[in-house]
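Beneath this line is the structure, given in structure tokens, with notes to follow.
Every read-out reported here was derived from the displayed coordinates using simple, explicitly stated rules and does not represent laboratory data. Computed from a predicted structure; not experimentally measured.
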Amino acid sequence: MFHNTQAVLFDLDGTLIDSAPDLGAAVDKMRVDRGLSSFPLEHYRHMAGAGARGMLGIGFDMTPDHPDFEAMKEEFFVNYERCMTERTRIFDGVVDLIANLVAQGMPWGVVTNKSSRFTDPLTAAMPLFKTAGAMVSGNTTPHAKPHPEPLFEAARRLSVDPTRCVYVGDDERDIVAGLAAGMGTVAATYGYLGMQTDISRWNAHLHIDSPLDLLKFLQSA
């Protein structure tokens, strides 16, 4: 599955960058503004990959069917826009991983469910992404993950057959999308993982405990 890899695609939040502190801060400000107690930012981490749905669920026990959800979501978005580069960092090992891929002439890109409203300014602020050959956001195509279309779009932008791509992510949706696209799939166990603990059920081809584990595997494949 990996010996003929011609491109590597990555999820963004929880895979390349640790954005949980800024996502948590955005919703925690909403709590404080309403006179509620502040939660430690780590309280939000495990659901950071679920975006507004996850953050409002943790911060306010609110689900998307709540009548105030859309208004609360937009408030969260505005807060996040104002702070999204303050605490977000690149995971240890990612810079070296990407540098090695570039040195090998291996195209790489990002496929995220994060809206371009946030993806574009966030990645523009980080030099890491200057070498990315594809940046596919949640609203780039008519479908978001777990639908495979965003992955197909990234492969088209890289001019690589999807079956020659590897997709790395920290959410079950990533693996479902990757498998549906015919790609090699890699579960990043250092990511957020949501409420799921048994990632063996995701049926990913490979699990990695750190970004550089992927490089070791690609070099040995």
So which residue, out of Val160, Val110, Val78, gets the largest mean-square fluctuation from a GNM of the chain using Cα contacts under 10 Å as springs? Val78
Would you mind telling me which residue in Asp11, Asp68, Asp96 has the biggest mean-square fluctuation in a Gaussian network model of the chain, where springs connect alpha carbons within a distance under 10 angstrom? Asp68
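Multiplying the sequence separation of Arg31 and Thr189 by 0.36 nm and subtracting their Cα-Cα distance, what value in nm do you get? Intermediate results must be reported in sequence, preceding the final value.
Values: separation 158, 0.36 × 158 = 56.88 nm, distance 2.99 nm.
Stretched fully, the Arg31-Thr189 segment lengthens by 53.9 nm.
For Cα pairs less than 8 Å apart in space and 6+ apart in sequence, what is the mean separation divided by the residue count of the stretch 115-221, i.e. the relative contact order in percent? Don't skip to the answer; put the middle values down first.
Working: 142 pairs, mean separation 19.0, N = 107.
Relative contact order for the stretch 115-221 comes out at 18 percent.
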Max mean-square fluctuation residue, GNM over the chain, Cα-Cα springs under 10 Å, options Asp209, Asp18, Asp174: Asp209
Cross-link candidates for Lys73: which aspartates and glutamates have Cα within less than 16 Å, leaving aside residues fewer than 8 places away along the same chain? Asp22, Asp28, Asp33, Asp61, Asp65, Glu81
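As a test of the formula, what do you get for the chain when each DSSP H run with n ≥ 4 contributes -39,500 (n - 2.57) and the sum is divided by the residue count, at 222 nm and rounded to the nearest 500 deg cm²/dmol?
Values: 8 runs with 87 residues, N = 221.
After summing the helix terms and dividing by the residues of the chain, the value is -12000 deg cm²/dmol.
I'd like the projected area of the stretch 133-210, averaged over all directions, using the convex hull of its alpha carbons. Report it in nm² with one decimal. Working shown, then result.
Numbers: hull surface 20.2 nm².
Averaging across all directions leaves 5.1 nm² for the Cα convex hull.
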What fraction of the DSSP beta bridges in the chain is antiparallel, stated in percent and rounded to the nearest 5? 10 percent
State whether the stretch 20-83 is rounded, prolate or oblate according to the following rule on the C-alpha gyration tensor (a ≥ b ≥ c being the square roots of its eigenvalues): a/c under 1.5 gives rounded; otherwise a/b larger than b/c gives prolate, and the remaining case gives oblate. rounded
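If contacts are Cα pairs under 8 angstrom and at least 6 residues apart, what is the relative contact order of the chain in percent? If you can, show how the numbers build up before the last one.
Details: 398 pairs, mean separation 56.0, N = 221.
Relative CO of the chain lands at 25 percent.
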Give the cross-link partners of Lys130 among the aspartates and glutamates, using a straight C-alpha distance below 14 Å as the criterion and excluding same-chain residues fewer than 8 apart. Asp120
Percentage, to the nearest whole number, of Cα pairs in the chain over 30 Å apart: 20 percent
Roughly speaking, what is the stretch gain from Glu86 to Asn139, that is 0.36 nm per residue apart minus the C-alpha to C-alpha distance, in nm to one decimal? 16.7 nm
Relative contact order (%) - the stretch 54-132, alpha-carbon pairs under 8 angstrom, separation at least six: 24 percent
